[in-house]
Each structure stands twice: as C-alpha cells, then as structure tokens.
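Everything below concerns the one structure shown next.
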Amino acid sequence: SKAVPQARFGILGDGILKPKLIATAGELGLDSYVTFFGSQRDIGSYVSAFNVACLSSVEIEGCSNAILEAMALGKPVVSTDVGGNNELVRHGENGFLVPAKAPQAMAEAIITLLNNRDLMLKMGKRGREIVDSRFSLKRMVHEYETLYENSLEQKEAKKK
C-alpha cells in the first residue's frame with residue numbers, strides 16, 4: 001500500500017485463516033485497502049477485475065485451479081514456488097515464482113507488475129496462451145484419444 005497507494009487487494013475464500021487475516025489487516029491499518037469477498041461461486045467475475053493474481057500456498061499445492069483460472073483470464077500470477085505451481089507459472093514469462101513464507105519477495109513481485117503495465121499485460125497474455133495450448137478442452141480430448149489408442153494398440157499387440 002505504501003509502494004502503490006492506489007492498489008486495492010481482494011481476498012477470496014473462507015478458510016480457517018480468514019479471521020486472522022481480517023484481524024491482521026486491521027492491526028496494520030489496511031482495512032480500507034483489503035476487501036474480503038468470502039467464498040464465491042463465480043470466481044471469474046472477481047479475478048477479471050484483478051490486475052494480478054496471487055497464490056501464497058506455503059506447503060502442498062497440486063495443479064492449482066486458481067492459477068489456471070487466472071491465466072485463462074489473462075492475469076499475470078505471483079505464486080509461491082511450492083508443489084505443482086512451477087509447472088504452471090514460468091518465472092519471468094507469465095508471472096513470478098517466489099519462495100514460500102517470503103512475503104517481501106511476494107510484495108516486490110506484485111509491485112513490479114503493478115508499476116509496469118506493459119510487463120503485466122505481456123505476462124497475462126502469455127499465461128492465456130499457455131492455458132490455450134496446454135489446458136484447453138481440445139488438448140485434453142486429444143490426450144485422452146491418444147491414451148486410449150495406445151492402450152488399445154498395446155492390448156492388440158499382446159494378443160498376437
């Protein structure tokens with residue numbers, strides 16, 4: 001909030017950390033900067049309004065739908081480098097990966113994007129391209145077709 005005073009922050013979800021996050025925002029005097037939206041069904045309409053999507057997981061993360069959804073909406077992602085996040089976020093290409101439990105590194109990455117609109121748009125566009133090429137319905141159907149065809153070929157080969 002000091003580096004980019006016009007920035008506002010939105011937090012989606014109703015996890016067990018929500019009360020602590022609300023209290024911390026109050027203690028830091030950030031109440032007017034942070035909105036807690038709670039659990040939402042239509043995540044896309046919220047993420048569409050964001051300039052940057054962030055995921056601050058500290059331990060285990062699989063293939064994060066939150067990251068994929070943000071990328072599909074053309075948003076650059078700042079994420080901790082845990083679990084499968086580094087398979088989705090290509091550091092410096094469609095967002096930034098930062099170490100877990102390193103809030104200063106996350107803040108610096110967010111500030112970098114908020115202060116560089118061209119970079120923010122470029123990374124968001126690249127994220128969208130990655131989703132379109134690697135995670136589209138067409139690609140998924142093709143991958144399943146290939147899997148089934150290979151399985152069938154192996155089964156046929158065993159019969160001979």
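Quick look at the numbers
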{"quantity": "Cα-centre dipole for segment 1-144 with unit charges at Cβ (Lys and Arg positive, Asp and Glu negative), debye to 20", "calculated": "340 debye"}
{"quantity": "Whole-percent carbon and sulfur share, accessible surface of segment 46-160, 1.4 Å", "calculated": "53 percent"}
{"quantity": "Per-pair calculated FRET efficiency, R0 = 45 Å: residue 112 and residue 141 via Cβ, rounded to 0.05", "calculated": "0.75"}
{"quantity": "Kirkwood hydrodynamic radius of segment 13-118, Cα pairs, Å", "calculated": "14.6 Å"}
{"quantity": "Kirkwood-Stokes translational diffusion coefficient of segment 1-59, alpha-carbon pairs, 4 °C, 1.567 mPa s, µm²/s", "calculated": "103 µm²/s"}
{"quantity": "Calculated log₁₀ intensity ratio I(q)/I(0) where the Debye formula runs over C-alpha points of segment 99-150, q = 0.16, 0.25, 0.26, 0.28 Å⁻¹", "calculated": "-0.66, -0.91, -0.93, -0.97"}
{"quantity": "When each of 18/101; 20/101; 75/101; 138/158; 2/101; 138/160 is checked by Cα-Cα distance, pairs over 26 Å", "calculated": "138/158; 138/160"}
{"quantity": "Karplus-derived HN-Hα couplings along segment 137-149 (A = 6.51, B = -1.76, C = 1.60, θ = phi - 60°), whole Hz, x at Gly and Pro", "calculated": "4, 4, 5, 4, 4, 4, 4, 5, 4, 4, 4, 5, 5"}
{"quantity": "Value of [θ]222 nm, deg cm²/dmol, for the chain, DSSP H segments ≥ 4, -39500 (n - 2.57) each, nearest 500", "calculated": "-16000 deg cm²/dmol"}
{"quantity": "Inter-centroid distance (Cα atoms) of segment 1-33 relative to segment 45-83, Å", "calculated": "17 Å"}
{"quantity": "Amide hydrogen neighbours beyond the local backbone of residue 74, cut-off 5 Å, H modeled", "calculated": "128"}
{"quantity": "For the chain: accessible area per residue (Å², 1.4 Å)", "calculated": "66 Å²"}
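The values are calculated or read from the model by the stated rules, or taken from the named source; none is laboratory data. For clarity, every value in this text was computed on a predicted model and none was experimentally measured. Ideal geometry is used to build each Cβ from the backbone, glycine not excepted, and the neighbour counts take in all protein chains shown. With ligands, DNA and RNA removed, areas are computed over all heavy atoms of the protein, side chains included. Shrake-Rupley method; radii C 1.70, N 1.55, O 1.52, S 1.80 Å.
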